[in-house]
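What follows is a set of notes on a single structure, which appears directly below.
The values are calculated or read from the model by the stated rules, or taken from the named source; none is laboratory data. For clarity, every value in this text was computed on a predicted model and none was experimentally measured. Note that each Cβ is placed from the backbone with ideal geometry, even for glycine, and that neighbours are counted across all protein chains shown. Note: areas computed on protein heavy atoms with side chains; ligands, DNA, RNA excluded. Shrake-Rupley method; radii C 1.70, N 1.55, O 1.52, S 1.80 Å.
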Amino acid sequence: MQELAAPAAAAEPSSVGPRCRLCGAALTATFVDLGMSPLCERFLTATQLDDMEPFYPLHVRICPSCLLVQLPAYVAPDEIFREYAYFSSYSDSWVEHARRFADEMTELLGLGRDSRVVEVASNDGYLLQHFVARGIPVLGVDPALNVADAARARGVPTVTEFFGEEVARQLVADGGPADLIVANNVYAHVPDLNDVTAGLRVLLAGGGTISLEFPHLLRLVEGNQFDTIYHEHFSYFTLATASRALARGGLRVIDVQELATHGGSLRVLAAHEDDERPTSEAVAGLLDREASAGFDTVAGHAGFADRVAATKRDLLRFLIDARAAGRTVAGYGAPGKANTLLNYCGIGPDLVSFTVDRNPYKHGRFTPGMHIPIRPPEALDDARPDIVVILPWNLRAEIGAQLAPLQARGTRLVVPIPTVEELA
């Protein structure tokens, strides 16, 4: 009670402001400010539309000391991840990406029946199922109760916990260390970065390998991919900042690959800092490219916010002109990134009448904030809109192929990022 009453203690957080989750420095520089936005995966039922909906800042900072670009933890992970609307298996291209990864890692690392593969943020078993099919022992770790049930139904044993050092120690005690730890699109999703890194080190077997995949900040900026900024994404990495984060936990980057997934991602392979494997030439090459692009200074990150604002104006102009001309507009997809785009731009049902999604969980619900109705994909065949905006633009080829019959009947297919573009 005395601590709660002490005025000095109460005043300190506001005067200090947010601190870097990696090195602890004060976050005084802005990378981009997208205003206020609701949680991107909180899809509403019809009975929730009149309820108060919380909005949180999407004010992204850059650390002046270690250069980590980050969103302060405005929202506790429990509020985001315990029931999760994203199921990886609804993207055919992502499941195929996972299958190829399993093939490559099995061959590269010589994995077999005596190995152990653990995936952090394993979702619905989309990836580990491919190791199970090879008879390789696996374990998934994911805090979302609903997607963990889907994983178990695929034969993927799953622990429903938030991963960190304490959980890692328990996993080692229960089943031993892991020869391969997979953490696809999770390293950017954790507010306590140092705890998760420590957990990776604890869980990793001697001579073992960690594979991390995350969107590459260099590609985010080059591709104007501001919609990948939302409350689930706490950190936005270059190879340099990811290397610093891993090094603080006693881990070392040994290789890196540039991927096309999610608009441009990195696959970083890491090992214990005393691992004898050499560091690949690709690591030094990419670090040099990042520095040449200006990402080794705070000033080198400038200019992104202006391009984001220009994209907002162009997209709104396109949609307003289309509706003024009497054209009907629908969306395809209801991914988390779409909700940053919709809320930042102020796009509601007056501009995009409805959107569709393959995930049955979202059918009959509404997008957070803007409340655009979400329907099954068949609704596009019934409505035959003049324009369909492909909201998961990173899957433009996959979705464009799915919508080819609709396009052949005259519907225009449009992607909003990096600029408004019609698919041929």
Taking placed amide H atoms and a strict 5 Å upper bound, the residues 5 or more places from His59 or on another chain that come that close are Leu34
Between Ile320 and Glu104, with labels modelled 7 Å along Cα→Cβ, what's the label distance in nm to one decimal, could you check? 4.4
In sequence order, what are the phi-derived ³J(HN,Hα) couplings for the range 214-231 according to the Karplus relation 6.51 cos²θ - 1.76 cosθ + 1.60 with θ = phi - 60°, rounded to whole Hz, with x for glycine and proline? 7, x, 8, 4, 4, 6, 4, 6, 4, x, 6, 8, 5, 6, 7, 8, 7, 5
Taking the chain as the reference, fit the longest principal axis to its C-alpha atoms, fit the long axis of helix 239-248 to the helix C-alpha atoms, and give the angle between the two in degrees, 0 to 90, nearest 10. 40
Quick one: Debye curve from the C-alpha atoms of the range 269-424, no solvent, what's log10 I(q)/I(0) at q = 0.08, 0.16 Å⁻¹? -0.34, -0.88
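Express the relative contact order of the chain as a whole percentage, based on alpha carbon pairs under 8 Å and six or more residues apart in sequence.
14
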Taking the simple approach of a point 7 Å from Cα along Cα-to-Cβ for both Thr328 and Val172, what is their distance in nm? 6.0
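Whole number in Å², please: accessible area per residue of the range 250-373, 1.4 Å probe, ligands, DNA and RNA not counted. Working shown, then result.
Details: 5140 Å² over 124 residues.
Per residue, the range 250-373 has 41 Å² of solvent-accessible surface.
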Suppose all protein chains stay in the model; what accessible area per residue would a 1.4 Å probe give for the range 106-186, in Å²? 40
Cβ-placed point charges (K, R +1; D, E -1), dipole of the range 360-413 about Cα centre in debye, nearest 20: 120
Going by alpha carbons, how many degrees (0 to 90, nearest 10) lie between the helix axis of 304-324 and the longest principal axis of the chain? 30
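How big is the charge dipole of the chain about its Cα centre, in debye rounded to the nearest 20, if each Lys and Arg gets +1 on its Cβ and each Asp and Glu gets -1 on its Cβ?
Using Cβ point charges on Lys, Arg, Asp and Glu, the chain gives about 740 debye.
Quick check on the range 85-188: take the gyration tensor over C-alpha atoms, sort the square-rooted eigenvalues as a ≥ b ≥ c, and tell me if it's rounded (a/c under 1.5), prolate or oblate.
Oblate shape, in that a/c is at least 1.5 and b/c is the bigger or equal ratio.
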For the chain, what is the convex hull (Cα atoms) projected area averaged across all directions, in square nanometres? 22.7
Using alpha-carbon pairs under 8 Å, 6+ residues apart, how would you state the relative contact order of the range 185-309 in percent? 29
Calculated from DSSP helices alone, with each H run of at least 4 adding -39500 (n - 2.57) and the total divided by the residues of the chain, [θ]222 nm to the nearest 500 comes to -10000 deg cm²/dmol
Once phi for every residue in the range 401-416 is put through the Karplus expression 6.51 cos²θ - 1.76 cosθ + 1.60 (θ = phi - 60°), the whole-Hz ³J(HN,Hα) values, with Gly and Pro written as x, are 5, 5, 9, 4, x, 5, 5, 5, 8, x, 6, 8, 9, 10, 10, x
Once the piece of chain linking Arg248 and Thr419 is laid out straight, how much longer is it, given 0.36 nm per residue of separation minus the C-alpha distance between them? 57.8 nm
For Ala178, the residues 5 or more places away or on another chain with a placed amide H closer than 5 Å to its own amide H are Leu204, Ala205
Using only Cα atoms, tell me the angle between helix 7-16 and the longest principal axis of the chain; keep it within 0 to 90° and round to the nearest 10. 70
Cα-based Rg then Dmax for the range 355-416, in Å, read 11.6, 33
Suppose R0 equals 35 Å. What FRET efficiency, 1/(1 + (r/R0)^6) with r the Cβ-Cβ distance, do Thr279 and Glu161 give to the nearest 0.05? 0.65
Quick one: which residues, 5 or more positions from Leu266 or on another chain, have an amide H under 5 Å from its amide H? H modelled 1.01 Å from N in the peptide plane, none for Pro or chain starts. Phe214, His216, Leu259
Global form of the range 313-392, assessed from the alpha-carbon gyration tensor, a/c cut-off 1.5: oblate
Using a 1.4 Å probe over the heavy atoms of the protein chains, calculate the carbon and sulfur portion of the accessible area of the chain as a whole percent. 53
Within a Gaussian network of the chain (alpha carbon springs, distance under 10 Å), most fluctuating of Thr355, Thr367, Thr160: Thr160
